[in-house]
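> Before anything else, here's the structure in question.
Derivation of every value follows stated rules applied to the coordinates shown; laboratory data play no part. From a predicted model like this one, the values you see are computed outputs, not experimental measurements. Neighbour counts are summed over all protein chains in view; Cβ atoms, including those assigned to glycine, are modelled from backbone coordinates with ideal geometry.
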Amino acid sequence: MSEYKLVATSAMGLESIVADEVKALGFNTTSDNGKIYFQGDETAIAKTNMWLRVADRVRIIAGEFHATTFDDLFEQTKAIPWERFLPVDAAFPVAGKSVKSTLYSVPDCQAIVKKAIVERLKMAYKRIGFLDESGPLFKLEVSILKDKVTLTIDSSGTGLHKRGYRVGQGDAPLKETLAAALVKLTRWNPDRPFVDPFCGSGTIAIEAAMFGQNIAPGYNREFLSEQWPWIKKSVWDQVREEVEDVANYDQPLAITGFDVDPRMVKVAQENAMEAGFMDLIQFQQRDVRDLTVEGLNGVMVGNPPYGERLGEIEEAEDITRVLGRIMKEHPSWSVYMLSSLENFETMYGKKATKKRKLFNGFIRTDFYQYWGQKQ
């Protein structure tokens with residue numbers, strides 16, 4: 001087993017949650033904007049891809065250096081031992097980005113990095129002429145920030161939010177990684193009732209069920225690095241075996257999702273079926289105005305309509321007002337709502353115990369947290 005410098009990427013505002021996840025898997029971390037760094041071997045690559053609920057991707061850092069000229073970029077890229085990562089027949093497209101840097105032409109940077117790697121591989125593998133790139137895929141990225149170059153290889157492939165259970169979605173679906181973050185922030189445990197009154201395609205409820213039964217978010221999908229020759233199949237087999245060993249399929253769950261749109265309820269049911277939770281999550285068509293809450297010490301998590309035009313904003317405010325009135329009658333319940341309404345607390349009728357700035361896509365939102373009085 002070799003040691004690699006790895007980075008788990010995350011959406012802005014979720015770094016601390018991802019760092020906690022990485023630490024829980026046994027790794028020491030350091031964090032920067034949207035990046036959580038750690039060291040690990042091939043098993044670490046497989047395990048973090050399989051288990052990280054909130055991270056976007058797991059990347060391998062192949063090299064880091066400063067460059068202000070194309071010659072610098074070429075020579076320092078060529079000096080990296082790419083044969084350690086890329087077999088002779090590797091397919092390796094190079095993506096790029098450059099921010100506040102002397103080398104600002106991204107297409108030129110991509111082309112130079114590609115050429116430097118080709119030269120290195122031809123030298124390492126004693127090849128003359130072209131490399132055919134007919135083998136396994138390695139997605140490379142050259143990222144330049146303030147003249148610091150970071151060259152990474154994506155080990156995930158499709159983003160980690162793609163769990164493999166979403167067969168349908170609404171107009172503005174909540175990303176699975178953000179939904180998982182919302183569940184984690186509530187500190188909910190499966191002994192308590194869980195309700196999403198605005199369930200849409202069921203993402204929050206399904207992520208809660210996966211968390212409640214300790215099911216790895218990557219159990220139902222494949223990863224790009226599974227095709228790489230230097231990560232043995234036995235590594236992946238062992239990680240998948242561990243996933244099965246620790247899953248608690250017998251854990252009872254009281255999870256309910258409501259939505260005013262019957263079509264979305266059907267989509268949520270189909271997604272839950274694909275995830276294996278059809279009998280564990282109850283989805284029902286219901287307007288929030290008809291919401292009934294049962295039990296004590298429950299957790300309510302939702303992503304209510306934000307409203308972007310005047311009539312929609314008024315409707316979103318009315319929904320918030322109604323929700324606040326209903327939940328006032330259930331003081332033992334904790335309520336967590338993600339909203340872009342700046343007057344959310346006024347409409348809800350109560351100041352939040354805590355709120356956290358989060359981004360839902362490019363929309364700036366706050367996660368309003370009302371902690372219940374346990375009974």
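> Spelling out what I want: for every residue of the range 37-53, take phi, set θ = phi - 60°, compute 6.51 cos²θ - 1.76 cosθ + 1.60 (Karplus), and round to whole Hz; glycine and proline get x.
9, 7, 10, x, 9, 4, 5, 4, 4, 5, 5, 5, 4, 6, 10, 6, 7
> Would you look at the GNM of the chain, springs on alpha carbons closer than 10 Å, and say which of PHE344, PHE38, PHE85 moves the most?
PHE85
> For the residues PHE367, PHE70, what sequence is obtained by ranking on other C-beta atoms within 10 Å, fewest first? Write down the numbers at each step before the final one.
Values: PHE367 23, PHE70 15.
Ranked by crowding around the Cβ, least crowded first: PHE70, PHE367.
> Under a 5 Å amide H to amide H cut-off, with H placed in plane at 1.01 Å, what residues pair with LYS35 once short-range neighbours are removed?
SER10
> Here's another thing I want to ask about it. Can you give me the convex hull volume of the Cα atoms of the range 4-154, divided per residue and expressed in Å³?
108 Å³
> Here is a follow-up. What does the highest-first list of 94-105, 139-150 look like by mean Cβ count within 10 Å?
Going by the mean number of other Cβ atoms within 10 Å, highest first, we get 139-150, 94-105.
> Okay, moving on. Just subtract the alpha-carbon distance of THR353 and VAL260 from 0.36 nm times their residue separation and send over the number in nm, one decimal.
Residue separation times 0.36 nm, minus the Cα-Cα distance, leaves 30.7 nm.
> Just subtract the alpha-carbon distance of ARG364 and ASP191 from 0.36 nm times their residue separation and send over the number in nm, one decimal.
59.1 nm
> Between SER2 and TYR249, what FRET efficiency follows from the Cβ-Cβ distance if R0 is 35 Å, with the result rounded to 0.05?
0.50
> What residue among ASN33, ASN303, ASN49 has the largest mean-square fluctuation in a Gaussian network model of the chain, using Cα springs under 10 Å?
In the Gaussian network model the winner is ASN33.
> Using a 10 Å cut-off around each Cβ, can you sort VAL299, VAL106, VAL243 from fewest to most neighbouring Cβ atoms?
Details: VAL299 21, VAL106 15, VAL243 18.
With the fewest neighbours first, VAL299, VAL106, VAL243 line up as VAL106, VAL243, VAL299.
> Using +1 on the beta carbon of Lys and Arg, -1 on that of Asp and Glu, and nothing else charged, what's the dipole of the range 4-154 about the Cα centre, debye to 20?
40 debye
> Right, here's the next one. Against the longest alpha carbon principal axis of the chain, how many degrees, from 0 to 90 and to the nearest 10, is the axis of helix 106-124 turned?
50 degrees
> How would you rank THR203, THR9, THR152, going from fewest to most other Cβ atoms within 10 Å of each one's own Cβ?
Working: THR203 29, THR9 19, THR152 22.
Ordered by Cβ neighbours within 10 Å, fewest first: THR9, THR152, THR203.
> Kindly state, to the nearest 0.05, the FRET efficiency for VAL88 paired with GLU315, given R0 = 56 Å and r defined as their beta-carbon distance.
Using R0 = 56 Å, I get an efficiency of 0.40.
> Could I ask something else about it? Work from the charge dipole of the chain (Cβ charges, +1 for Lys and Arg, -1 for Asp and Glu, about the Cα centre) and give the residue of VAL260, THR292, TYR37 farthest towards its positive end.
TYR37
> Of LYS162/LYS355; LYS35/LYS328; LYS122/LYS175; LYS35/LYS115; LYS122/LYS233; LYS350/LYS374, which pairs sit farther than 30 Å apart, going by alpha carbon to alpha carbon?
LYS35/LYS328; LYS122/LYS175
> Using the Kirkwood radius built from alpha carbon pairs, what does the Stokes-Einstein equation give as D for the range 222-375 at 4 °C and 1.567 mPa s, in µm² per second?
Reported coefficient: 70 µm²/s.
> May I pose another question? For a label point 7 Å from the Cα of ASN214 along Cα→C-beta, name the residues of the range 168-203 whose backbone N is under 17 Å from it.
Answer for this model: 188-192.
> For each pair in LYS23/LYS78; LYS100/LYS232; LYS5/LYS126, compute the distance between the two Cα atoms and list the pairs where it is over 31 Å.
Beyond 31 Å between Cα atoms: LYS23/LYS78; LYS100/LYS232.
> Taking Cα atoms of the range 21-86, Rg/Rh with Kirkwood Rh, to two decimals?
Details: Rg = 14.7 Å, Rh = 14.0 Å.
So for the range 21-86, dividing Rg by the Kirkwood Rh gives 1.05.
> On a 0 to 90° scale, report how tilted helix 233-246 is relative to the longest principal axis of the chain, with both axes built from alpha carbons and the result rounded to the nearest 10.
20 degrees
> Once the piece of chain linking LYS126 and TRP371 is laid out straight, how much longer is it, given 0.36 nm per residue of separation minus the C-alpha distance between them? Please list the in-between numbers first.
Details: separation 245, 0.36 × 245 = 88.20 nm, distance 6.45 nm.
Extending this stretch completely gives an extra 81.7 nm.
> How big is the charge dipole of the chain about its Cα centre, in debye rounded to the nearest 20, if each Lys and Arg gets +1 on its Cβ and each Asp and Glu gets -1 on its Cβ?
On the way: 47 positive and 52 negative charges, 166 e Å.
Its charge dipole is roughly 800 debye.
> To check my understanding: the extent here is largest minus smallest coordinate of the Cα atoms along each principal axis. What are those three numbers for the chain, in Å, largest first?
Extents along the principal axes: 75, 45, 36 Å.
> Same structure again: With +1 on the Cβ of every Lys and Arg and -1 on the Cβ of every Asp and Glu, and nothing else charged, how large is the dipole of the range 257-339 about its Cα centre, in debye rounded to the nearest 20?
That gives the range 257-339 a dipole magnitude of about 200 debye.
> Sticking with this structure for a sec: Report, to the nearest 10°, how far helix 262-275 tilts away from the longest principal axis of the Cα atoms in the chain, using its own Cα long axis and a range of 0 to 90°.
Its long axis makes an angle of about 50 degrees.
> Using each residue's phi in the range 175-191, evaluate 6.51 cos²θ - 1.76 cosθ + 1.60 at θ = phi - 60° and report the 3J(HN,Hα) Karplus result to the nearest Hz, with x for Gly and Pro.
Working through the residues one at a time gives 4, 4, 5, 5, 4, 5, 5, 4, 4, 4, 5, 7, 6, 5, 10, x, 7 Hz.
> How big is the gap, in Å, between the Cα center of the range 237-272 and the Cα center of the range 172-221?
Cα centroid to Cα centroid, the span is 8 Å.
> Applying the Karplus parametrisation 6.51 cos²θ - 1.76 cosθ + 1.60 with θ = phi - 60° to the phi angles of the range 18-23, what ³J(HN,Hα) value in whole Hz is obtained for each residue in order, glycine and proline being reported as x?
Those phi angles translate into 5, 4, 4, 5, 5, 4 Hz.
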